[in-house]
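The values are calculated or read from the model by the stated rules, or taken from the named source; none is laboratory data. None of these values were measured; they are calculated from a predicted model. All Cβ positions, even for glycine, are placed from backbone atoms using ideal geometry, and neighbour counts span all protein chains on display.
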Amino acid sequence: MPSGSRCPDCGSSELVEDSHYSQSQLVCSDCGCVVTEGTLTTTFNDEGNLREVTYSRSTGENEQVSRSQQRDLRRVRDLCRILKLPTTFEDTAISYYQRAYQLSGIRAARLQKKEVLVGCCVLITCRQHNWPLTMGAICTLLYADLDVFSGTYMQLVKLLGLDVPALCLADLVKSYCSSFRLFQASPSIPAKYVEDKDKMLSRTLLLVELANETWLVTGRHPLPVITAATFLAWQSLRPSARLTCSLAQFCKLANVDLPYPAASRLQELLAVLLRMASQLAWLRVLKLDKRTVVKHIADLLQHRHMLVRMAFRDGTAEGETQKQQQGEQGQREEAEDSTFDVLERKRPASPAPLLPPCMLKPPKRSHPTPSVSAVTGDENISDSEIEQYLRTPQEVRDFQRAQAASQAAKSVPNPP
Amino acid sequence: MVGSPLMEEEEDMYLDLFLDPYTVQDAFPPAMSHLFSPRAPLDVYPLNLSNPEAVFSPHFGGVKETSSDFSSVDLSFLPDELAQDSKDQAVTGNRHETEQSRKTQDQQCQLQLPGGEDSGLSLNNGSSPGSHAHLYPGGAAFNQPSPEKSSSDSLPVASIVSMTPMNPVPECSGIVPQLQNVVSTANLACKLDLRKIALSAKNTEYNPKRFAAVIMRIREPRTTALLFSSGKVVCTGAKSEEESRLAARKYARVVQKLGFPVKFFNFKIQNMVGSCDVKFPIRLEILALTHRQFSSSYEPELFPGLIYKMVRPQVVLLIFASGKVVLTGGSSERWLCDLGQRFRACISGQPAEGTLENHLSKWNYSSLSLVSTMVQRHNQQPDINPLSLERNLGKSSPYSLKAWHRGYRRTKATRTQISGFAGGTCL
């Protein structure tokens, strides 16, 4: 006696499997209603009546799940497979999607948002497992707008209360560098441009770490910095042959899209390297510029920690030297001056402050401190002040006439 | 709300007076009497004399003008949310000569302002100059009468210091966020004909197909308002709460001059936006790491700043690597000042790069607990000095206190190399 299935007519659960001639039937023993009859049933009905159904045809839990949700869950799985993620990621992403679908805000959202939600779930899963995946990549895969994606992403993180770690920069460098098509000779790539992957990777990592230390990464999109660093690393590994190649050419060769900010990141990174180079005695005499410093990147990276400390000052060092200067200026001036001279000779240029580029640029407009206005909110409002905003009746009439005229002029070119 | 029917009547009465300056004043004195109950101490008057004469003169001219115009008496323009404490307490927030003139209620003739300047002048001359000396919005002058007045029920004067200060509180050493924008709403309580307003006023835009409101702008204070046909007004662009209130009143006046029977109800500040600069660069990725559990969101791919949603008070901070901070979501100017300091406390554990981890390890408690402790204390004692708070807490990192005093100068800490990229932390 199958339990759980009831006769649709009388609701009795006394269903008997009987056969009428050669056709198997499920019959209610109370009212005689034929519940299921041979092959003239749907899988859905069969399952509902606990008849055996082949697994490949079974609807399974899909009764509870709406069609759009089923489609999106399939999309999540497909996305995970395209990105070649481990299978555990798939399950996590699916679970996130299901949880998100419970929320009324998501369930009633437009289809566009649900499509983007697929990407958000995959992204969150990847982030939590420190798998480097950028939002740009997912947006291109989904053909989605970054604005819509960002809105949905923030909403999802807030609603589900998830803790999403930041993008892992080292892994991103590794995966992004590996995508550059420069590691094997091919007809489109001259031999002098082909590079060893490990060497380039290690140097790029060092350069990105340097950029991080010198405030070039904070607040900025990470990818252009990595592009610039990769370019510099590639150039520095064989500068004689590669100095003539520009950043745009490099990206085209490597079959990678050039992000727009990469050019300015490159300039910033070169400026940092130049400052560091000015601290090395044997490089100072060479009078390097932005092109020639590339040849010496290896040396600079080798001593980068010390050079950054020497080349840049931050608030503390400046404070120290200032205090020293002020405190000891009265006494032993000559001695101090001589020691300072010695120091100055070691650092010919006064050290630049180690600040993010946005703080180094001069402010676009001066920020005038607003005068403290003694407005109390209850001052009297003079009539004349209000009158200036009102139209006189004559003006109103003129305005109305002008409006009518413009309306007439607009309607004339379109005859009815 | 206690006394609300009372206040409604008064509001209506004051509105009538405001809207038609030449109404008969017969109804005035008896109506006023229940506001200025005789229980109010009459000794307020002699108190006023104690104030310096000098203060009187700059305001005398102002008083003269107000005498011909009822706006000085329009107590109906009081913010609703304060009305429940006491109408008078709300008035104290204004700190205008009207308040003082009202308090010297023994001279009820003083309130018979309409009728031209003569009566006004005689009014002012009649009352002692000392009474108008109260015009000076100084804390000291206020505190004197307040103890006396608190004894009376009808005129309980709340401690003035708790009202929004016009100038930044002097204890706010360090950052004082500057208000950039104040958004407020008010209710004009009458249906507006938007077409007529757009036609008769010069400073308006009205495009019903695009948006169902008239956009009106005034030059002083430089603000923009959205006027809806239901009579509600949204006023944006003011640089302070008082300015916003003045602007909203001006918009109400403009609409009133166009012939609508406007009132001015429910003036409420909806949002305040401030900005400040801590003057040192901030490692946003570190801040995001340490404050992740406190709802901070840093997505460099989407936005260059870190979005920090503080729970108490309910404000959102946008923190940028250059040290600039945008604060939004507040509802009083006071929080802006305190918030700037608390924020600085949060991130003053951020020294020059390289020593951050040392600092963070020495930070004894999470910065949010510090913030919330300070908020709690603040809510109990509105005027406490946050610096002294920190001392009282007694457990704060020495670095942070030194930072307060020395303006971010740090002792030369040993710089440890933070192993970059280990475990995915971007440093």
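So, in region B:249-280, exactly how many residues are within 8 Å of chain A (Cβ to nearest Cβ) and touching a helix residue (DSSP H, G or I) at 6+ places or on another chain (Cβ under 6 Å)?
Number satisfying all stated conditions: 4.
Can you say whether B:Ile319 is touching a residue at least 24 places away in the same chain (Cβ under 8 Å) and either among the small types (Gly, Ala, Ser) or within 14 Å of chain A (Cβ to nearest Cβ) (or both), as far as the supplied structure shows?
Yes, satisfied.
Is there a residue being surrounded by 12 or more Cβ atoms within 10 Å (Cβ to Cβ) and modelled with pLDDT of 85 or more anywhere in region A:366-373?
no
Could you tell me which numbered condition A:Val285 fails, if it satisfies all but one of (1) out of contact with any Lys or Arg (no Cβ under 6 Å at 6 or more places or on another chain); (2) buried (at least 17 other Cβ atoms within 10 Å of the Cβ)?
In the conditions (1) out of contact with any Lys or Arg (no Cβ under 6 Å at 6 or more places or on another chain); (2) buried (at least 17 other Cβ atoms within 10 Å of the Cβ), A:Val285 misses (2) alone.
Filter region A:134-184 down to residues that are at the interface with chain B (Cβ under 8 Å from one of its Cβ atoms) and part of a loop (DSSP other than H, G, I, E, B) and give me whichever is surrounded by the most Cβ atoms within 10 Å (Cβ to Cβ).
A:Leu167
Return the pair list, or none, for Cβ contacts closer than 6 Å from residues in region B:283-297 that are more than 7 Å from chain A (Cβ to nearest Cβ) to residues that are among the charged types (D, E, K, R), at least 6 apart or on different chains.
Pairs found: B:Ser295/B:Lys309.
Select, from B:Glu301, B:Glu242, the only residue that is facing another protein chain (nearest Cβ under 8 Å), outside any strand (DSSP E or B) and within 22 Å of A:Glu385 (Cβ to Cβ).
Just a single option satisfies the conditions, and that option is B:Glu242.
Please identify the pairs in which a residue from region A:171-196 that is touching a residue at least 24 places away in the same chain (Cβ under 8 Å) and assigned by the TED database to the domain that holds A:Phe250 has its Cβ atom under 8 Å from the Cβ atom of a residue that is among the basic types (Lys, Arg) and part of a loop (DSSP other than H, G, I, E, B), counting only partners at least 6 apart or on another chain.
A:Ile189/A:Arg181; A:Lys192/A:Arg238; A:Glu195/A:Arg238
Six or more apart or on different chains, Cβ atoms under 6 Å: show the pairs whose first residue is in region B:192-221 and within 13 Å of chain A (Cβ to nearest Cβ) and whose second is of a type in the set (Phe, Trp, Tyr) and not in a helix (DSSP H, G or I).
Going by the 6 Å Cβ cut-off, the qualifying pairs are B:Ala198/B:Tyr206; B:Ala201/A:Tyr389; B:Lys202/A:Tyr389; B:Asn203/A:Tyr389; B:Val214/B:Tyr206.
Report whether or not A:Glu213 is farther than 21 Å from A:Pro259 by Cα and either within 11 Å of chain B (Cβ to nearest Cβ) or crowded, with 21+ Cβ neighbours inside 10 Å (or both).
Yes.
Among residues belonging to region A:249-265 that are among the aliphatic types (A, V, I, L, M) and surrounded by 20 or more Cβ atoms within 10 Å (Cβ to Cβ), point out the one that is farthest from A:Pro357 (Cα to Cα).
Ranking the candidates gives A:Ala254 first.
Can you tell me which condition A:Lys84 does not meet? The list is (1) more than 21 Å from the chain's Cα centre (by Cα); (2) surrounded by fewer than 19 Cβ atoms within 10 Å (Cβ to Cβ); (3) without any contact (Cβ under 8 Å) to a residue 40 or more places away in the chain, and all the others hold.
(1)
Counting only residues that are assigned to a loop (DSSP other than H, G, I, E, B) and in contact with a Gly (Cβ under 9 Å, 6 or more places away or on another chain), which one in region A:216-241 is surrounded by the fewest Cβ atoms within 10 Å (Cβ to Cβ)?
Ranking the candidates gives A:His221 first.
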